[in-house]
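Have a look at the structure below, then the notes.
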Amino acid sequence: MYTRHFFFVFVFFCFSYSQHAISASTVIKDYKIQGISGELEKNVELYIKQLIDEKTSKALKRHAKSQVEMSLKALGYYKPTIKISFDNAQQLLIVDVERGPVTRIADINVTITGAGKDDAEFMSAVNSIKIKQGDFLNHGKYEAARKRIESQLLDLGYFDAKWHEHKLAVSLKNNSAKIIFNVDTGPRYQFGDITIGTETPAEKYIRSLAEFKQGQPYKATDISDYNLALSSTPYFASVRVYADIAKRKNNQVPVNVDVLHKPANSYEVGGGFNTDFGPKVRFKWTKPWITEDGHYLESNLNVSERQQDISLGYTVPVDDPNDDLWRFSLGYKLEDGVTNDLYSKILTGQLQRQWLTEDDWVRTAFIRRDYETYRIGEEEQSAKMLMPGISYAKKDTEGGTTPYEGYQWLLSAEFGLEDMMSSTNILRLQLQNAWLNTFADRHLLYLRANLGAMLVEDINDVPLSLRFYAGGIKVSVVLLMNLFHLKMNKVV
């Protein structure tokens, strides 16, 4: 009898141990969140989904509950009721939440002392903080507000700023919170000397491209714009511009510039095969420093059987190698049946003078000589055009290499006269505009419009390269608009 009882107890123990082992080996493969929705549910989900593939256990329940509590506190819910359970059969983690009362902002106390209190730009950033009395408490917005103040202090040169207090005080009894920001900005530093780390023949251009002067109030965006301007020149393989904050003194911070020159000659070679154009060869040669004044040369060759583009450009900088210069270029272009069985062969030469206006428009005056042979269908024609013209371009963006806001304009006018070595009389006008903006903090809207018009006696006398096309239809006025592109194209 005792033997049977012992056997029964032994079997029961083994069965229980087996069931426990099976339960212990169950892992979470999915989760279900109940009782909340919207932003609360999304925030809880960010924490809970990290528990996928974890084994079910009492310790996991405790951990999951603490994670949910943390995610709810971040959005102002400090008194939730949370139940965590497992459905082992479905390997499911179930989170049941009763969120409880929400905590609201009862008071915001912002105190600014030091030079920053009289700085309109700094105070504008402080006043734009997106927290107001009566709002639901959101820890993320509190941290964002604190970081915005700290970021503006650094961006505007308040390098000696000190926090007296930054605090988020929560009253569980009253379901309320108080935010305190108390900072002494100290003095605003100014730009000091520009120090060039290596000997370079481009020192004149390095100094001329700085849009700030010694003694002007410091601004980090001026440093980044300076870095971008130097990087855009043809001379340097790499550029590093930085404010040496550690060596600040006498209310000024020195600016250091380190550059690495490009080789005396640079070559790029490429190639490929296209089913439409056949074999393709690409070659580029640049010589970034020809004379002591920084003359530079660039040539490009892109050749396939049906499409060829060869160009050579020689540039003479005046004061600014990016925007104040003379340029002479020669080019040859062939397109044979690339679109709509059209044929065009052009030999061109152009002289242009480019410089900035007082309103920061890039103004380009040019004169171009074209020899073009073209064919539409079976009829082959040729034309010689001498085209003087002028263009104005402007581009302004926020966000550096990944802009989130900006615009660009290009306006151009050119003409040709039969009495001035041209095959026909023509006036050609063009307007291009692009606009980029961010809305709802995460969506980019990009709009672009191109408008072209020309005045000519007979459209058939106009060389193929000077005509406007839209959708393959010959027109004299073109309007194109593209929506929801995420990148602005550089004006050419």
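The values are calculated or read from the model by the stated rules, or taken from the named source; none is laboratory data. Because the structure is predicted, anything quoted here is derived from the model rather than measured. Ideal geometry is used to build each Cβ from the backbone, glycine not excepted, and the neighbour counts take in all protein chains shown. All accessible areas refer to the heavy atoms of the entire protein, side chains included, with ligands and DNA or RNA removed. Shrake-Rupley method; radii C 1.70, N 1.55, O 1.52, S 1.80 Å.
Would you mind checking LYS162/LYS219; LYS162/LYS249; LYS204/LYS395 for any pair whose Cα atoms are more than 22 angstrom apart? Walk me through the intermediate numbers first.
Numbers: LYS162/LYS219 19 Å; LYS162/LYS249 18 Å; LYS204/LYS395 25 Å.
Cα-Cα > 22 Å for LYS204/LYS395; rest within.
Trypsin sites (Lys or Arg not before Pro), restricted to the range 128-202: which are DSSP loop and have at most 12 other Cβ atoms within 10 Å?
LYS130, LYS132, LYS173
Hey, what number do you get for the chain at 222 nm if only DSSP H runs of n ≥ 4 count, each worth -39500 (n - 2.57), divided across all residues, to the nearest 500?
On the way: 7 runs with 94 residues, N = 492.
The helix-only estimate for the chain comes to -6000 deg cm²/dmol at 222 nm.
Quick one: with all protein chains in place, what share of the accessible area of the chain is carbon or sulfur, to the nearest percent (1.4 Å probe)?
53 percent
Per residue of the range 206-215, what does 6.51 cos²θ - 1.76 cosθ + 1.60 with θ = phi - 60° give for ³J(HN,Hα)? Whole Hz please, x for Gly and Pro, Karplus curve as stated.
4, 6, 6, 7, 6, 8, 10, 10, 4, x
What nm value, rounded to one decimal, do you get for the distance between ASN251 and GLN214 when each label is placed 7 Å out toward the C-beta?
Spacing of the two 7 Å Cα→Cβ label points: 1.6 nm.
Anything over 32 Å Cα to Cα? Flag those among LYS65/LYS141; LYS130/LYS173; LYS58/LYS130; LYS287/LYS333; LYS117/LYS141; LYS58/LYS132, in the order listed.
LYS58/LYS130; LYS58/LYS132
Assuming R0 = 51 Å, can you tell me the calculated FRET efficiency for the pair ALA449 and ALA59, based on Cβ-Cβ distance, to the nearest 0.05? Before the final figure, lay out each step's value.
Details: r = 61 Å, r/R0 = 1.21.
It comes out at approximately 0.25.
Please give the net charge around ASP160, taking every other residue with its beta carbon less than 9 angstrom from that of ASP160, where Lys and Arg add +1 and Asp and Glu add -1.
Neighbourhood net charge equals +1.
Between VAL281 and ASN460, what length in nm is gained on full extension when 0.36 nm per residue of separation is reduced by their alpha carbon distance?
Taking 0.36 nm per residue and subtracting the Cα distance, the gain is 61.0 nm.
Contour minus end-to-end for ASP30 and HIS166, with contour as 0.36 nm per residue of separation and end-to-end as the Cα-Cα distance?
Details: separation 136, 0.36 × 136 = 48.96 nm, distance 3.98 nm.
Full-extension gain reported as 45.0 nm.
What is the gain in length, in nm to one decimal, between HIS139 and LEU301 on full extension, counting 0.36 nm per residue of separation less the C-alpha to C-alpha distance?
That works out to 52.6 nm of additional length.
Show the residues, 5+ positions off or on another chain, whose built amide H is closer than 5 Å to the amide H of ARG368.
Those lying under 5 Å, H to H, from ARG368 are MET387.
Under a 1.4 Å probe, what is the accessible area of the range 341-380 per residue, stated in Å²?
Accessible area per residue, the range 341-380: 59 Å².
Helix 139-155 versus the longest principal axis of the chain: what angle, 0 to 90°, nearest 10, using Cα atoms?
On a 0 to 90 degree scale, this one is about 40.
State the Cα centre-to-centre distance between the range 420-471 and the range 157-209 in whole Å.
Centre-to-centre distance over Cα atoms comes out at 45 Å.
Can you work out the FRET efficiency for the pair TYR332 and GLU378, with r the C-beta to C-beta distance and R0 = 25 Å, to the nearest 0.05?
The calculated FRET efficiency here is 0.55.
Reachable aspartates and glutamates from LYS83, Cα under 16 Å, same-chain residues fewer than 8 places away excluded?
GLU41, GLU45, GLU69, ASP96, GLU98
How big is the Cα convex hull of the chain in projection, averaged over all directions, in nm²? Could you put the intermediate results ahead of the total?
Numbers: hull surface 158.9 nm².
Over all viewing directions, the chain projects a mean Cα-hull area of 39.7 nm².
Check which residues have an amide H placed less than 5 Å from TYR31's amide H, if you skip close sequence neighbours.
Close amide H contacts, sequence-distant or interchain: LEU93.
Taking 60 Å as R0, compute the FRET efficiency from the Cβ-Cβ separation of SER232 and SER37 and round it to 0.05.
After rounding, the FRET efficiency stands at 0.75.
Tell me the per residue accessible area of the range 45-97 using a 1.4 Å probe; a whole number in Å² is fine.
The answer is 55 Å² per residue.
Using only Cα atoms, find the angle between the long axis of helix 2-24 and the longest principal axis of the chain, and express it within 0 to 90 degrees, rounded to the nearest 10.
So the helix axis and the longest Cα principal axis differ by about 20 degrees.
Hey, what do the phi angles of the range 235-251 turn into as Karplus ³J(HN,Hα) couplings, whole Hz, using 6.51/-1.76/1.60 and θ = phi - 60°, x for Gly and Pro?
8, 10, 7, 8, 9, 9, 10, 8, 7, 8, 4, 4, 9, 5, 6, 6, 6
What are the ³J(HN,Hα) values, in whole Hz, obtained from phi via the Karplus relation 6.51 cos²θ - 1.76 cosθ + 1.60 with θ = phi - 60°, for each residue of the range 81-92 in sequence order, with x given for Gly and Pro?
Using θ = phi - 60°, the values come out as 10, 10, 10, 10, 9, 10, 10, 5, 4, 9, 6, 10 Hz.
Ranked highest first by the average count of other Cβ atoms within 10 Å around their residues, in what order do 405-411, 422-428 fall? Kindly include the intermediate steps, with their values, before the conclusion.
Values: 405-411: 16.3, 422-428: 18.3.
Answer by packing, highest mean first, reads 422-428, 405-411.
Counting only heavy atoms of protein chains, what accessible area per residue, in Å², does the range 113-166 have with a probe of 1.4 Å?
Heavy-atom accessible area per residue stands at 57 Å².
Output the 0 to 90 degree angle, nearest 10, between the alpha-carbon long axis of helix 220-232 and the longest principal axis computed from the alpha carbons of the chain.
Computed tilt is about 50 degrees.
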